[in-house]
Amino acid sequence: MTDILRFRDDEAVDHPAVTVDAFLEQTNANAVRIEPGDDARDLLPQIGQIQLVEVNFPVFGDGRGYSAARILREAGYEGEIRAVGDVLADQLNNMRRCGFDAFEPDAPLDPEVTKRALDTWPEVYQATTDGRNPIWNKRHE
Amino acid sequence: MYQYDQYDQAMVDARVAEFRDQAQRRLEGKLSEDQFKPLRLMNGLYLQLHAYMLRVAIPYGTLNSTQMHALADIADKYDRGYGHFTTRQNIQYNWIKLEDAGDILADLAKVEMHAIQTSGNCIRNISSDHFAGAAQDELVDPRPYAELLRQWSSFHPEFMYLPRKFKIAVIASGTDRAAMKLHDIGIQIVKNDAGEIGASFFVGGGMGRTPMIAPNIRDFVPLDQLITYAEACLRVYNRYGRRDNKYKARIKILVHELGAEEYTRQVEEEFAHLLEQGIEPPLAELERIKTYFTDPAFEDGPKTVDRSDPDFALWVDRNTHRHKHDSYVSAVISLKPVGGIPGDATAEQMHLMADLAKEYSFDEMRVMHTQNVVLPHVKIADLHALWAKLDAADLGTPNLDQIGDIIACPGLDYCSLANARSIPLAQKISERFAANGKQDKLGELKLKISGCINACGHHHAGHIGILGVDKKGVENYQLSLGGSEAEDTALGKITGRGFDEAGVIDAVDTVTDVYLQHKQGEERFLDTYNRIGMAPFKEALYD
């Protein structure tokens, strides 16, 4: 297994994730892999048994995975959401904001660049499920 | 106008730091050009035919004199002493070095400006009515809503890698001066029967190779749900917009293929879900923003001008617009001198416009999507003095909405996508119609030129539109008639086979002759065309 950048304390799932189709047919899997064309909402009826959702980015410019992650978090999913594939340092901050808490990129991340990318943004404009208080709330507290 | 607080400033400063780091990694070879490209595009940096082009955002087209002076200084320091105002109310510089880009962004940040999301497959700069806050016919000032949307759309974590670019316009008047229905989302601020203010959403308009007029998908969104509704529109697009073909990736194709009804159903479903998520800013935030857009201290004064100087009187008739206070007008500074490059301004001209805005217009200017600049609040008593100074700087051309007020894209002179030149054609047409004296007889006639099918010059929406195409290696121009970007939004129809450059100029001349022959009463070119149809024009052009 390559290096995984993780922002969780629990034990990582150590077996391969199944496709969404396979998951919907075999009810005992606890790790699922979402491709860009999959509908994350298909997982919601059985979300309670899932510990890991891998969201695949075949190319970094395909942004569907950002919506998938937010939809899972908005539904209350608290397990791991791991971005895999063509995942670049400059995307980590937005991915964190959308609910990703683990990253397994095809190409290794430079730790220094990663740290800078994650530390650059002191404030946020929008509300997501990441718990950060948006600017427009801070202004009126 | 809006002023940054420490939060807005922190966001822009963070972006400068981030981009410096990214550019440095690119220069060191740690980022490939493929990886760097979307990052530089999200900061407005394009690689054009000859150099990098930097597009700077002017949110909803509003800027003050300090900002305009800074734009002039950038033109002098980093470019060749001029800039180009665009159809999305921005400015772009054509001769930028990558090594300088970080410093330019830092200079911009000092005057509360940036180049964030002026390119790339993300939500672009929000545009609006250039007479906002001044027009006699508006319901409210649309800019507070545009500013709220600006903040929401800036660095939106979910929507940085959309299928394609995404443009939003906000107006608050029945008269559409922002081509609202030709945007990915057009918002009209309206009042409902209960007297409440809300937002009417039009989604899926656009120009480009498949022009579409946006259908109305919701006639009233309450103001405390505005951002949530916009987020729902975007999420459906991000998830289901086509990504297999970049020419079919705009939201207009999704709305067209699903049908407006089905798209609306999906948006409403997502909206119902998102309402539970608490993502809407507090209404107090909109109220806070509104305090920056209150009226300046207007004073009563003369309501008419001395018309004894005919040149001045002509400029007043053509280039001023009715103001909500009857002692004021909005004055348009034409960036379309006869034979000039539409939308270009030199650094000296920018400095002068800034000084005049400070002296005569409460320190405020607007960039128009027609590539001119407005001084929104000018005392009628000051008009002659203002005109004299503009005229002396070649900024007093009296041609607003006339045939010489041409919208043109940069075309093959700068743009790597273009098939044909736009600028020289615009120059020659404006020279022809100034020399033969016909401009004065033609009245309102909006002519728009695009150098390729991407339609940056809005040719679909021109009363007369010209599209440059490449025909076996030779520049060829297609003519279309009957388009409109106003509240009567319409897409022009192609007259028939295309023309070479000289031929298309003659063809425009012919078309205007047909209009003058058939014109009844006070009809504009567009009215006559709508009444008599294409046939008489075709006959004159091709028989």
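Derivation of every value follows stated rules applied to the coordinates shown; laboratory data play no part. Quantities reported herein were computed from a predicted structural model and do not represent experimental measurements. With ideal geometry, Cβ positions are generated from the backbone for all residues, glycine too; neighbour counts draw on all protein chains shown.
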Using alpha-carbon positions, what is the distance between the centroids of the range B:155-169 and the range B:461-484, in Å?
30
Kindly work out what percent of the DSSP beta bridges joining two residues of the protein assembly as shown are antiparallel, to the nearest 5.
65
Taking amide H positions as placed in the peptide plane 1.01 Å from N, state which residues far from A:VAL55 in sequence (5 or more) or on other chains have amide H under 5 Å from it.
A:ILE34, A:ARG82, A:ALA83, A:VAL84
In the neighbourhood of B:SER65 defined by beta carbon distances under 14 Å, the net charge of the other residues (Lys, Arg +1; Asp, Glu -1) is -4
Would you mind giving the three semi-axes, in whole Å and largest first, of the ellipsoid equivalent to the protein assembly as shown according to its Cα gyration tensor?
45, 27, 25
DSSP-defined antiparallel bridges as percent of all bridges, the range B:364-522, nearest 5:
70
How much mean residue ellipticity at 222 nm does chain B get from its helices, if each DSSP H run of length 4 or more adds -39500 (n - 2.57) and you divide by all residues, to the nearest 500 deg cm²/dmol?
-11500 deg cm²/dmol
Alpha-carbon Rg/Rh ratio, for chain B, with Rh computed the Kirkwood way
0.95
Give the order of B:THR87, B:THR210 when sorted by the count of other beta carbons within 10 angstrom, beginning with the fewest.
B:THR210, B:THR87
With the contact rule set at Cα under 8 Å and sequence spacing of 6 or more, what percent relative contact order holds for the range B:198-290?
30
So what does the Cα-only Debye profile of the range B:112-261 read at q = 0.13, 0.15, 0.19, 0.20 Å⁻¹, as log10 I(q)/I(0), no solvent term?
-0.55, -0.74, -1.18, -1.30
Rg/Rh for the range B:387-471, where both radii come from Cα atoms and Rh is the Kirkwood radius
1.03
For a quick check: with amide H placed at 1.01 Å from N, whose amide H comes under 5 Å from B:GLN402's, ignoring anything fewer than 5 positions away on the same chain?
B:LEU445
In Å³ and rounded to a whole number, note down the convex hull volume per residue for the Cα atoms of the range A:8-137.
115
Rounded to the nearest Å, the spacing of the alpha-carbon centers of the range B:33-101 and the range B:394-423 is 18
For B:VAL373, distant residues with modelled amide H under 5 Å away:
B:ILE333, B:LEU335, B:MET368
For each cysteine in the protein assembly as shown, check whether another cysteine's C-beta sits under 4.7 Å from its C-beta; list those where none does.
A:CYS98, B:CYS122, B:CYS233, B:CYS415, B:CYS452
For B:ASP506, A:ASP21, B:ASP79, what's the fewest-to-most ordering of other Cβ within 10 Å of each Cβ?
A:ASP21, B:ASP506, B:ASP79
Subset of B:LYS446/B:LYS493; B:LYS336/B:LYS538; B:LYS37/B:LYS252; A:LYS115/B:LYS30; B:LYS303/B:LYS336 violating a 18 Å alpha-carbon distance limit
B:LYS336/B:LYS538; B:LYS37/B:LYS252; B:LYS303/B:LYS336
Rounded to whole Hz and in sequence order, give me ³J(HN,Hα) for the range B:517-528 from the Karplus expression 6.51 cos²θ - 1.76 cosθ + 1.60, θ = phi - 60°, writing x for Gly and Pro.
5, 9, 3, 10, x, 9, 3, 7, 3, 5, 5, 5
Take every Cα pair under 8 Å in the range A:30-75 that's 6+ residues apart, average their separations, divide by the length, and report that relative contact order as a whole percent.
48
For the range A:67-139, place one equal point scatterer on every Cα, skip the solvent, and apply the Debye formula. What is log10 of I(q)/I(0) at q = 0.19 Å⁻¹?
-0.83
Under a Cβ-Cβ cut-off of 13 Å, what is the net charge of the residues other than B:LEU383 that fall near it, where Lys and Arg count +1 and Asp and Glu count -1?
-2
Residue by residue through the range B:368-374, the couplings from Karplus 6.51 cos²θ - 1.76 cosθ + 1.60 with θ = phi - 60°, in Hz, x for Gly and Pro, are 8, 5, 8, 6, 10, 10, 10
Provide the per-residue ³J(HN,Hα) series for the range B:182-193, in order, calculated from phi with Karplus coefficients 6.51, -1.76, 1.60 and θ = phi - 60°, each as a whole number of Hz, with x at glycine and proline positions.
10, 10, 4, 10, x, 10, 10, 6, 9, 10, 8, 4
In which sequence would B:SER450, B:SER330 go, from the one with the fewest C-beta neighbours within 10 Å to the one with the most?
B:SER330, B:SER450
Volume of the Cα convex hull of the range B:407-542, divided per residue and given in Å³
97
